[in-house]
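Asks: Pasting a structure below so you can have a look.
The values are calculated or read from the model by the stated rules, or taken from the named source; none is laboratory data. All values reported here derive from a predicted model rather than from experimental measurement. Using ideal geometry, Cβ is built from the backbone for each residue, glycine included, and neighbour counts are taken over all protein chains shown.
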Amino acid sequence: MRKKQTSTMPDHLKARLKTFQKRLALLNVDALLINNPVDIRYLSGFVGDDSWLLVRSSSQIVHILSDFRFKEQIQIQAPHAKVIMRKTSLTVALKNLCSKLNIQKVGLQQDHLTLSQHRAIGKELGKTHIKAVDDGLVKQRAVKDSPQLAPIRKALKIQQEAFNRTCAFIEPGMTESQIAAYLEYQMRRLGADGSSFPSIVAADANASLPHAIPGSKKVRKGGIILIDWGAKFKGYCSDLTRVVAIGKMPTKIKEIYSICLEAQMAAIDAIAPGKLLSDIDAVARNIISKAGYGKEFGHSLGHGIGLDIHEQPVLASRAQGVLEPGHIVTVEPGIYLPRIGGVRIEDDVLVTKMGKKVLSDLPKTLESTII
Ligand SMILES: [Mn+2]
C-alpha cells in the first residue's frame, strides 16, 4: 500500500488550535465537534459544508468527516488534516471515529447544531458521551491575527474601488436595483468572492429604512442615495456605508448628515484598547441625542466583522466587555426620518495596542457627498 502523504499544520492554524485547546481544557471534554462551516474554515482552512471537524483537547491532529464531493478540496485546503471519507451518515462516522480515538466525551457547538442533530448524535453515541457547550470561538475569532487582517484590508480596497466606479456610473433615473447590481458586479470584477451581504441602495425617503431592500425606485437630481455594502475576500467581510447626493443635498439631510458625521468621528476617536464597548456607543449616542435625534438612532453603534458579517464585539449600550487589540469593529451611527430620508455613515476600525487604525478611507465630508 502506498504511504499517505502527510503535511504539517501551518503556523497560524497551530496558534489558533493552541488557543482553542485552552478553552477545551476548561470544558471538561476530550474533543469538540465543530459543525459551523465558518469555524471549520477558521480552524482548519477547509471551506465546505456537510462536513464536521473533530478537534481533540490534547492532540495536534484534527479530523475532518466529509464525503467524496470534498475529497480533492480538503487535500488542497487542509492537507494537514486527517480525513474520514464517510460512506455512512455523519453521526455514524463520528461514533466510529470516537471509538477509534478512545474519546469518552465530545463537546457540541450549542450555537450551531440543530436540535435534531443533537438528538441523533446523542442516540448514536449515548447521552453521557456528549455535552452542548459554548465553544468560545466567537470570542476567539473576534481577535484578528494577521492572516485574518490581510483579507479584510483587501475586501475594503475592493469595495471602495467598486464604490468609486459606481458613483461615476450613477445617473438620475436609474433604479436602486440597477445601482446595486453594478456595485456588486464591480466587486466581483475586482476579485471579491462576492458581496459580504445583500447591498443596500436606498433612494430618498427609502433611506429612512435602516435595512432597505433595493427596488424599482429611481434616483433623482437633488436627491440622496444611502449605500451600505461590503465585499467578501477569501471568506472575510468588510462593511461600509456612505450617503451621496446627486448635484445637491436637501437641507434637512445636510443637517442630520453633519450631526451623524460628528457622532461617528467622535466615537472613532474614543476607540482604544481597554475602553468599555458601551462607552463607545454612548459617545455617538450622546451627540445625536443632544442634537435632538436620539429616538431616530434606534440601533447599536457597530459590530465586529470577520468571516461573518456580524461578529463580536458589539458596540451597544447593553454590551459587556472592553475593546481589545485585534478587534475590528464598524462604527455606524444613523439618523432616520420616516418619509423624509436617512443618513448612516460607517467605517471599519482596527483596535491596536496603541489605539486604533481606521481601515477604510473613502471621503465623508459633507462636500464629498456630492456626485
Ligand atoms: Mn454594518
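Asks: What residue, among those in the range 313-324 that are buried (at least 22 other Cβ atoms within 10 Å of the Cβ) and away from the ligand (no atom under 12 Å from the Cβ), is farthest from residue 142 (Cα to Cα)?
Replies: 323
Asks: Here is a further query. Filter the range 19-37 down to residues that are more than 21 Å from the chain's Cα centre (by Cα) and closer than 18 Å to residue 90 by Cα, then give me how many there are.
Replies: Matching residues across the range 19-37 total 3.
Asks: Test of understanding: among 310, 327, 303, which residue is in contact (Cβ under 8 Å) with a residue 12 or more places away in the chain, within 14 Å of the ligand (Cβ to nearest atom) and not aliphatic (A, V, I, L, M)?
Replies: 303
Asks: Out of all the residues in the range 322-329, is one or more part of a strand (DSSP E or B) and touching a Pro at 6+ places or on another chain (Cβ under 9 Å)?
Replies: yes
Asks: I've got another one for you. Could you list, in sequence order, all residues of the range 356-371 that are part of a strand (DSSP E or B), surrounded by fewer than 21 Cβ atoms within 10 Å (Cβ to Cβ) and under 20 Å from the mean Cα position of the chain (by Cα)?
Replies: 357, 358
Asks: Looking only at the range 38-58, count every residue that is farther than 20 Å from residue 88 by Cα and modelled with pLDDT of 95 or more and tell me the total.
Replies: 12
Asks: Further question: Without any contact (Cβ under 8 Å) to a residue 24 or more places away in the chain and either among the hydroxyl-bearing types (Ser, Thr, Tyr) or in a helix (DSSP H, G or I) (or both), is that true of residue 289?
Replies: Against the criterion (without any contact (Cβ under 8 Å) to a residue 24 or more places away in the chain and either among the hydroxyl-bearing types (Ser, Thr, Tyr) or in a helix (DSSP H, G or I) (or both)), residue 289 qualifies.
Asks: Which residue pairs have Cβ atoms closer than 6 Å, lie 6 or more positions apart in sequence or on different chains, and pair a first residue in the range 47-72 that is charged (D, E, K, R) with a second residue that is in a loop (DSSP other than H, G, I, E, B) and surrounded by 14 or more Cβ atoms within 10 Å (Cβ to Cβ)?
Replies: 67/86
Asks: Taking residue 156 as meeting all but one of (1) surrounded by fewer than 18 Cβ atoms within 10 Å (Cβ to Cβ); (2) within 29 Å of residue 197 (Cα to Cα); (3) not basic (Lys, Arg), write down the number of the exception.
Replies: Every listed condition holds for residue 156 apart from (1).
Asks: Any residue at all in the range 113-127 that is surrounded by fewer than 16 Cβ atoms within 10 Å (Cβ to Cβ) and under 24 Å from residue 16 (Cβ atoms)?
Replies: Checking the range 113-127: not a single residue is surrounded by fewer than 16 Cβ atoms within 10 Å (Cβ to Cβ) and under 24 Å from residue 16 (Cβ atoms).
Asks: Take residue 284 and decide whether it is outside any loop (DSSP other than H, G, I, E, B), of a type outside the set (S, T, N, Q) and either surrounded by fewer than 20 Cβ atoms within 10 Å (Cβ to Cβ) or within 16 Å of the ligand (Cβ to nearest atom) (or both).
Replies: yes
Asks: Ok, one more. Restricting the search to the range 330-355, which residues are away from the ligand (no atom under 16 Å from the Cβ), over 19 Å from the mean Cα position of the chain (by Cα) and either in a strand (DSSP E or B) or not assigned by TED's automatic domain parsing to the domain that holds residue 252 (or both)?
Replies: Within the range 330-355, 337, 341 meet the criteria.
Asks: Could you grab the pairs with beta carbons closer than 6 Å, sequence gap of 6+ or different chains, first residue in the range 230-244 and not assigned by TED's automatic domain parsing to the domain that holds residue 186, second one of a type in the set (Gly, Ala, Ser) and more than 14 Å from the ligand (Cβ to nearest atom)?
Replies: From residues that are not assigned by TED's automatic domain parsing to the domain that holds residue 186, there are no pairs.
Asks: Shifting gears a bit: Would you be able to tell me the number of residues in the range 308-321 that are over 23 Å from residue 272 (Cβ atoms) and either among the aliphatic types (A, V, I, L, M) or part of a strand (DSSP E or B) (or both)?
Replies: 1
Asks: Being polar (S, T, N, Q) and at positive phi narrows it down to one of 35, 28, so name that one. Show your work before the answer.
Replies: On the way: 35 fails: at positive phi.
Being polar (S, T, N, Q) and at positive phi holds for just one of 35, 28, which is 28.
Asks: Next question. Yes or no: residue 274 loosely packed, with under 15 Cβ neighbours inside 10 Å, closer than 24 Å to residue 153 by Cα and assigned by TED's automatic domain parsing to the domain that holds residue 239?
Replies: For residue 274, the condition - loosely packed, with under 15 Cβ neighbours inside 10 Å, closer than 24 Å to residue 153 by Cα and assigned by TED's automatic domain parsing to the domain that holds residue 239 - is met.
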